[in-house]
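One structure is given here, and the rest of the page talks about it.
The values are calculated or read from the model by the stated rules, or taken from the named source; none is laboratory data. Predicted model, so just to flag it, every value in this text is computed and none were measured. Neighbour counts run over all protein chains shown; Cβ positions are idealised from the backbone, glycine included. Side chains are part of the model used for accessible areas, which takes the heavy atoms of the whole protein and leaves out ligands, DNA and RNA. Shrake-Rupley method; radii C 1.70, N 1.55, O 1.52, S 1.80 Å.
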Amino acid sequence: MKNILIIGATGQIGSELTMKLRSLYPNGNVVAGYIAGAEPKGALLESGPSHLVDITNPAHIAEAVDKYNVDTIYNLAALLSAVAEAKPQLAWKIGLGGLYNTLEVAREKGCAVFTPSSIGSFGPSTPHVKTPQDTIQRPETMYGVTKVSGELLSDYYWHRFGVDTRSVRFPGLISYVAPPGGGTTDYAVDIYYSAVKGEEFKCPLKPGTFMDMMYMPDALKAAIEIMEADPSRLKHRNSFNIASMSFDPEIISAKIKEYVPEFKMKYELDPLRQAIADSWPDSLDDSCAREEWDWKPEYDLDAMTVDMLHNLRVKFGIKQPEDSQTV
Ligand code: AKB
């Protein structure tokens, strides 16, 4: 039986990961940790326990771990890249201060910890194409600084104290369930919303801006499989490159047009997001994850597009076209 605490359970990843873990561990406690003002609602609230966990307050984390006999913590609290540039002090407090609090509780109480890193942990001097697992990480954003520091701190707690820390570097995550907030890759979610609503999409990034992206079901699979992986096979821990698709605005727009021929996109660049995107890799080499814990994504751009369009139409009560298929 696994007892799991998800810190940030009402966010973009947390709201789906909590439900997935509850379906996988029906006999355990899968606790939705939330902050004031972002309380769980609906199925998330009704399907299992929840607890107020502000990651900047170590007592909250310890209380939830004790109350539910938690053995594994998913730490999903963070500000995304563009917001972190606007609020760098808060980004550090949550991203690094919060991680430190989590790791200290985990050390004292014997919990395993998953803390996602990101393609944002790389910077302008990183090789941009097929970025290797072990390479230069000199990010120039506060988001990236917290992510690469978090990787190092998590590895430190493993080597020094034996805390079972593991993680992956998430690409931009695409989902129809909860929207992201303040990321550089958010355009690849927003574009689908515009397509189903029949609105022209204003793209904040210029053509040729390639970044790795991933459909949420694959991201959840990665987060769960890395924590289930046989530790004797792991040569790396914090954090693994994972990848499933890389595209620029022109490629995703053309793919959407295959299914929504009337879809239109124009460019209205956001200089902050463009600068951040330019400093990130175009594509990651995820061969270490494939070798060490059999990572393999299920969705490519085509399968994701079909599923996103179908589910967004369901979400907004929009009629499906006659010839639409689901995956
Ligand atoms: C962001 O754009 O900030 C995130 C990320 C790639 O980590 N989606």
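Could you check the range 207-239 and list, in sequence order, the residues that are in contact with a helix residue (DSSP H, G or I) (Cβ under 8 Å, 6 or more places away or on another chain) and of a type in the set (S, T, N, Q)? Within the range 207-239, THR209, ASN238, SER239 meet the criteria. Of all residues in the range 112-131, those satisfying the criterion of being β-branched (Val, Ile, Thr) and not in a loop (DSSP other than H, G, I, E, B) are VAL113, ILE119, THR131.
Among residues of the range 260-283 that are under 18 Å from PRO171 (Cβ atoms) and modelled with pLDDT of 95 or more, those with a Cβ under 7 angstrom from a residue that is away from the ligand (no atom under 16 Å from the Cβ) and hydrophobic (A, V, I, L, M, F, W, C), sequence gap 6+ or separate chain, pair up as ASP282/VAL129; SER283/VAL129. When each of ASP294, ASP230 is tested for being at positive phi and of a type outside the set (Ser, Thr, Tyr), the lone residue that passes is ASP294.
Of all the numbered requirements in (1) open to solvent by less than 10 Å² (accessible area, probe 1.4 Å); (2) assigned to a loop (DSSP other than H, G, I, E, B); (3) not acidic (Asp, Glu), GLY144 misses one, and that requirement is (2). Checking each residue in the range 286-301 for being outside any loop (DSSP other than H, G, I, E, B), over 13 Å from GLU225 (Cβ atoms) and open to solvent by less than 50 Å² (accessible area, probe 1.4 Å) picks out SER287, CYS288, LEU301. Is there a residue being open to solvent by less than 10 Å² (accessible area, probe 1.4 Å), over 18 Å from the mean Cα position of the chain (by Cα), modelled with pLDDT of 95 or more and on the phi < 0 side of the Ramachandran plot anywhere in the range 124-138? Yes, because at least one residue in the range 124-138 is open to solvent by less than 10 Å² (accessible area, probe 1.4 Å), over 18 Å from the mean Cα position of the chain (by Cα), modelled with pLDDT of 95 or more and on the phi < 0 side of the Ramachandran plot.
Restricted to helices (runs of 4 or more DSSP H) entirely inside the range 147-260, those with at least 1 residues that are away from the ligand (no atom under 14 Å from the Cβ) and not assigned by TED's automatic domain parsing to the domain that holds LEU284 are 216-228. Scanning the range 10-43 for residues that are assigned to a loop (DSSP other than H, G, I, E, B) and either modelled with pLDDT of 95 or more or of a type in the set (Gly, Ala, Ser) (or both) yields a total of 11. State all residues of the range 227-248 that are of a type in the set (A, V, I, L, M, F, W, C) and under 14 Å from the mean Cα position of the chain (by Cα); if no residue qualifies, say none. Within the range 227-248, PHE240, ILE242, ALA243 meet the criteria.
In the range 173-201, of all residues being touching a strand residue (DSSP E or B) at 6+ places or on another chain (Cβ under 9 Å) and charged (D, E, K, R), the one that is farthest from SER253 (Cα to Cα) corresponds to ASP186.
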